[in-house]
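Trainee: Got a structure here, written out as structure tokens. Questions coming.
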Amino acid sequence: MSHSADPRPMTSRRSGPLKGEAQVPGDKSISHRALILGAMSVGETRITGLLEGQDVLDTARAMAAFGAQVERLGPGEWSVHGVGVGGFAEPEGVIDCGNSGTGVRLIMGAVATTPIAVTFTGDASLSRRPMARVTDPLAQFGADITTREGGRLPITIRGAADPVPLRYRTPVASAQIKSAILLAGLNAPGETVVIEAEPTRDHSERMLAGFGAQIRSETTEEGHVITLTGRPELVAQPVAVPRDPSSAAFPVAAALIVPGSRIRVPGVSRNPTRDGLYVTLLEMGADIAFENPREEGGEPVADLVVRHGPLKGVTVPGERAASMIDEFPILSVIAAFAEGATVMNGVAELRVKESDRIDAMARGLEANGVRVEETRDSMTVHGMTSVPGGGTAVTHLDHRIAMSFLILGLATQNPVAVDDGGPIATSFPDFLPLMQGLGGDLG
Ligand code: S3P
């Protein structure tokens, strides 16, 4: 929901060893997709472990506005009675996706091949973000789309009455673009094909297959090719949402940088398309064990056991960026405590997230005494044995920037402040009590 809530300044302070178990919330990407596919299928989809952050609640509200019956049965437990592929009704009001790029881009895809008119809006952060990367391919299905200057929100889509399928090579590695096209392809006849240079998170493909769509992924000389057959009858499925590796990254980082810490983070998704941070941390020498590997809700998961220890700087190759795209802010915090420099390559996409994350991290780290270099598509953080802190980070309505700097302050000499922690509720509503429960001094 877009709201102009007053900024909520927060501060974190040097803390003693962190101990205990961190039950992080459900995966945000999978939560959005469970609600959307539930709404596009026939029958009742029961979801457990749904992330009840504002981003996902906005998607739930949107699905209800299209005619799906969406009900909260208990904490994280939701029921969706869908209307079937092509069954969305025209909503009476504007669809407000708040802060969520995933929400708005995926839902625009889901409506682009159904003959209804829908206007989308969002908060100040979302209204600055590029949408042409999604509206351009959706227009090629036959949708009629009007955007504000520069392809920004608000956007009105009149879905195609007579859609044609699409074969599309994504210009940047983005699961949101891929997923918007696949969701649009559901109500187009024939085969819709997405080609990506680097594989991006594959939750849409996994879940579409689970709901009975015909979908296949292959690596050819063209790249990573996903082919979906349109007009399936999607059949409602139970969805058990695993815990979010991107949210787990915050307590994991805290345990790595606060001396004497040892924590356990159970049931975290280890989907290889999301695993880049953990690969990088092991290269840095981090003490992380992955216990009880198993399958939950169609995704590989494990219990993480993390201990503080010495870390060294590494170079993160550009090809790994897609598999850890949301984790660079917290990696740059961890890197401040490593020996030597950590170089992050191929990260230009960070400039169009909820904020320009390269700029936000560089300015905030510098304000806390850390040396950072940046180019358009890279960032280098110079680690130090003792990080001064004492600065205030500007978070630009970006939940991950706020959480990253609050984690930083748990291990700096002086407290670290953020100007606004309010947006943390979009993805990790219990972040503060969870970190306090481990022994962190923040609030
Ligand atoms: C997401 C994809 C990523 C990621 C976002 C969630 C998704 O965005 O940053 O937080 O659920 O598909 P891009 O696909 O634009 O890189």
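Trainee: At 1.4 Å probe size, with the rest of the protein present, what percent of the exposed accessible area of the stretch 28-229 is carbon and sulfur atoms?
Mentor: The computed percentage sits at 48.
Trainee: In whole Hz, with x marking every Gly and Pro, tabulate ³J(HN,Hα) for the stretch 101-110 from phi via Karplus 6.51 cos²θ - 1.76 cosθ + 1.60, θ = phi - 60°.
Mentor: Per residue, the Karplus-derived 3J(HN,Hα) values read x, 4, x, 5, 5, 5, 5, 4, x, 5 Hz.
Trainee: Mind checking the per residue accessible area of the stretch 28-229 for me, 1.4 Å probe, whole number of Å²?
Mentor: Accessible area per residue: 35 Å².
Trainee: Any idea what angle helix 54-65 forms with the longest principal axis of the chain, computed on alpha-carbon atoms, 0 to 90 degrees, nearest 10?
Mentor: 10 degrees
Trainee: Also, quick follow-up: Beta carbons within 10 angstrom, averaged per residue: use that to sort the peptides 429-440, 401-412, 86-97, highest first.
Mentor: Order by mean packing, descending: 401-412, 429-440, 86-97.
Trainee: Using C-alpha positions alone, give me the convex hull volume of the stretch 28-229 per residue in cubic angstrom.
Mentor: Per residue, the Cα convex hull of the stretch 28-229 comes to 102 Å³.
Trainee: Also, quick follow-up: Can you give me the Cα centroid spacing of the stretch 19-80 and the stretch 322-386 in angstrom?
Mentor: Measuring centre to centre over Cα atoms gives 32 Å.
Trainee: How much accessible area does Y168 have with a 1.4 Å probe, in Å² rounded to the nearest 10?
Mentor: Approximately 40 Å² for this residue.
Trainee: Same structure again: How would K312, K353, K178 rank on accessible area, largest to smallest, probe 1.4 Å?
Mentor: Final ranking, largest accessible area leading: K312, K353, K178.
Trainee: A further question on this structure: Per the Cauchy relation, a quarter of the hull surface: what is the mean projected area of the convex hull of the alpha carbons in the stretch 89-157, in nm²?
Mentor: Quarter of the Cα hull surface area: 4.0 nm².
Trainee: Hey, another quick one. Using Cα-Cα distances under 8 Å and only pairs 6 or more residues apart, what relative contact order does the chain have, in percent?
Mentor: Relative contact order here is 19 percent.
Trainee: Another question, then. Can you find, among V118, A89, I325, the residue sitting farthest towards the positive end of the charge dipole of the chain, where Lys and Arg contribute +1 and Asp and Glu -1 at Cβ?
Mentor: My answer, from the dipole projection, is I325.
Trainee: With every protein chain present, what accessible area does S15 have (1.4 Å probe, heavy atoms only), rounded to the nearest 10 Å²?
Mentor: Using a 1.4 Å probe on the heavy atoms, I get roughly 20 Å².
Trainee: What accessible area per residue, rounded to a whole number of Å², is obtained for the stretch 303-443 using a probe radius of 1.4 Å?
Mentor: Spelled out: the 1.4 Å probe surface of the stretch 303-443, per residue, equals 31 Å².
Trainee: Moving to a separate point now. With r as the distance between the Cβ atoms of R262 and R148 and R0 = 45 Å, compute the FRET efficiency 1/(1 + (r/R0)^6) and round to 0.05.
Mentor: Here the calculated transfer efficiency is 0.35.
Trainee: Moving to a separate point now. Run the accessible area of the stretch 230-289 with a 1.4 Å probe and give the carbon-and-sulfur part as a rounded percent.
Mentor: Within the stretch 230-289, the accessible surface is 53 percent carbon and sulfur.
Trainee: So what are the three principal axis dimensions of the chain from its Cα atoms, in whole Å, longest to shortest?
Mentor: Here the spans come out as 62, 48, 44 Å, largest first.
Trainee: May I pose another question? Based solely on C-alpha atoms, express the radius of gyration and the Dmax of the stretch 2-52 in angstrom.
Mentor: 17.8, 52
Trainee: Sticking with this one: Which whole-Hz couplings ³J(HN,Hα) result when phi for each residue of the stretch 384-399 is put into the Karplus expression 6.51 cos²θ - 1.76 cosθ + 1.60, θ = phi - 60°, listed in order with x for Gly and Pro?
Mentor: Karplus-based 3J(HN,Hα) across the stretch 384-399 equals 8, 6, 9, 9, x, x, x, x, 10, 9, 8, 9, 6, 6, 10, 4 Hz.
Trainee: Next question, about the same structure. Between 0 and 90 degrees, rounded to the nearest ten: what's the tilt of helix 175-185 against the longest Cα principal axis of the chain?
Mentor: The angle comes out near 10 degrees.
Trainee: Could you order peptides 16-22, 153-159 by the average number of other Cβ atoms within 10 Å of their residues, highest first?
Mentor: Descending mean neighbour count gives 153-159, 16-22.
The values are calculated or read from the model by the stated rules, or taken from the named source; none is laboratory data. Note that the structure is a prediction, hence the values are computed from the model and not measured. Here Cβ is always computed from backbone atoms with ideal geometry, including for glycine, and neighbour counts include all displayed protein chains. For accessibility, only protein heavy atoms count, side chains too; no ligands or nucleic acids. Shrake-Rupley method; radii C 1.70, N 1.55, O 1.52, S 1.80 Å.
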